[in-house]
């Protein structure tokens, strides 16, 4: 049964993160009490008492319960299919929001019907003078599908001194916090469930942009993200998901004439990453890349079927928010460590 209609549904997907809910959920409730907003927690089969905690201490929060961990992408798809709203706010459980954080996002969405997704400025909860790794000041990709941000390129995260202080069109918004038109989310089929977790938000944003919609960053909204709460950065399974999902995303969304060449180049670059992991002694990550490639080849038929069905909705493949060079070369060879150093646009 669907939850009654709301203008804004703030949906937190939870899996055994009661500690985060205890710390950060009260702030979400307090600073999201604008008219029409509703907080929902979708629980992915937690066994840490998360649900009982919410029921006892935050009875105003709607709860959707699942029997097991379905992952980020399928979990959100299942939860949002049960919710009726004008806008969905997808929010991680390890996020501390600030006062009036919703208003700039909502204003951006209301001001232009072609804006499908908007994200806030994201700072590091532990080091609030810095941007946070996962989304920083808005996401971009290079020609080979490598993701980076205003405020973060690979492992270098910038200090936030208002250098990215303008509302700006970006390529992708982070799943740590994003507001999306609910109807569009459902029309697009939500996140690709094959992704399970990681890069599903980039894939969704790319699909939306190929259909002519805009993704926007609004720095007037500020949140603080802990990051790495569910799956630590140094984890072979995360490496597997990132490498596999990146290839799937490229195969689904690249222009037809460039797909094979770019994917072939990207696979070669993945092999270089595997060698780097091997030299570092990260044997689990080394093996994860080859597992990712094997899984990608097995899923290639699904990508081709997706492209065939999606073709009639495409309005264009050329996006200014795709960096036309290799960010790997710019970073490791030319030593350009900040977004502004790219002298792009």
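The values are calculated or read from the model by the stated rules, or taken from the named source; none is laboratory data. A quick note: this is a predicted structure, and the numbers were derived from the prediction, not measured. Note that we place each Cβ from the backbone using ideal geometry, even for glycine, and neighbour counts take in every protein chain shown.
On the basis of being surrounded by fewer than 23 Cβ atoms within 10 Å (Cβ to Cβ), modelled with pLDDT of 95 or more and more than 28 Å from residue 37 (Cβ to Cβ), does residue 183 make the cut?
On the way: surrounded by fewer than 23 Cβ atoms within 10 Å (Cβ to Cβ): yes; modelled with pLDDT of 95 or more: yes; more than 28 Å from residue 37 (Cβ to Cβ): no.
In short, no.
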Is it the case that region 278-285 has a residue that's under 24 Å from the mean Cα position of the chain (by Cα) and surrounded by 17 or more Cβ atoms within 10 Å (Cβ to Cβ)? yes
Would you mention how many residues in region 147-165 are out of contact with any strand residue (DSSP E or B) (no Cβ under 6 Å at 6 or more places or on another chain), exposed (fewer than 15 other Cβ atoms within 10 Å of the Cβ) and assigned to a strand (DSSP E or B)? 1
Members of region 120-154 found to be farther than 18 Å from residue 328 by Cβ and touching a helix residue (DSSP H, G or I) at 6+ places or on another chain (Cβ under 8 Å), listed by number: 120
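Can you tell me how many residues within region 302-343 are part of a loop (DSSP other than H, G, I, E, B) and either in contact (Cβ under 8 Å) with a residue 40 or more places away in the chain or within 25 Å of residue 256 (Cα to Cα) (or both)? If you could, list the steps in order and put the result at the bottom.
From region 302-343, those part of a loop (DSSP other than H, G, I, E, B) are 314-321, 324-326, 333-339, 343; that's our starting set.
Next, from what is left, pick out any that are either in contact (Cβ under 8 Å) with a residue 40 or more places away in the chain or within 25 Å of residue 256 (Cα to Cα) (or both): 314-321, 324-326, 336-339.
Of the residues in that region, 15 qualify.
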Only one of these conditions is not met by residue 132: (1) surrounded by fewer than 20 Cβ atoms within 10 Å (Cβ to Cβ); (2) touching a residue at least 40 places away in the same chain (Cβ under 8 Å). Which number is it? (1)
Report, ordered by the first and then the second residue, all pairs with beta carbons closer than 8 Å, sequence separation of six or more or different chains, a first member in region 275-292 that is assigned by TED's automatic domain parsing to the domain that holds residue 244, and a second member that is loosely packed, with under 14 Cβ neighbours inside 10 Å and at pLDDT 95 or above. 277/283; 289/271
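Is at least one residue of region 246-262 surrounded by 14 or more Cβ atoms within 10 Å (Cβ to Cβ), under 24 Å from the mean Cα position of the chain (by Cα), over 19 Å from residue 142 (Cβ atoms) and not assigned by TED's automatic domain parsing to the domain that holds residue 191?
Taking region 246-262 first, the residues surrounded by 14 or more Cβ atoms within 10 Å (Cβ to Cβ) are 246-254, 259, 262.
Filter once more, keeping what is under 24 Å from the mean Cα position of the chain (by Cα): 246-254, 259, 262.
Going one step further and asking which of them are over 19 Å from residue 142 (Cβ atoms), we end up with none.
No.
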Inspect region 261-268 for any residue being at pLDDT 95 or above and over 26 Å from residue 236 (Cα atoms) and give the result as yes or no. yes
Pairs only if they're at least six apart or on different chains, beta carbon under 6 angstrom, first in region 14-32 and without any contact (Cβ under 8 Å) to a residue 40 or more places away in the chain and on the phi < 0 side of the Ramachandran plot, second assigned to a helix (DSSP H, G or I) and crowded, with 19+ Cβ neighbours inside 10 Å; list them, first residue then second. 18/50
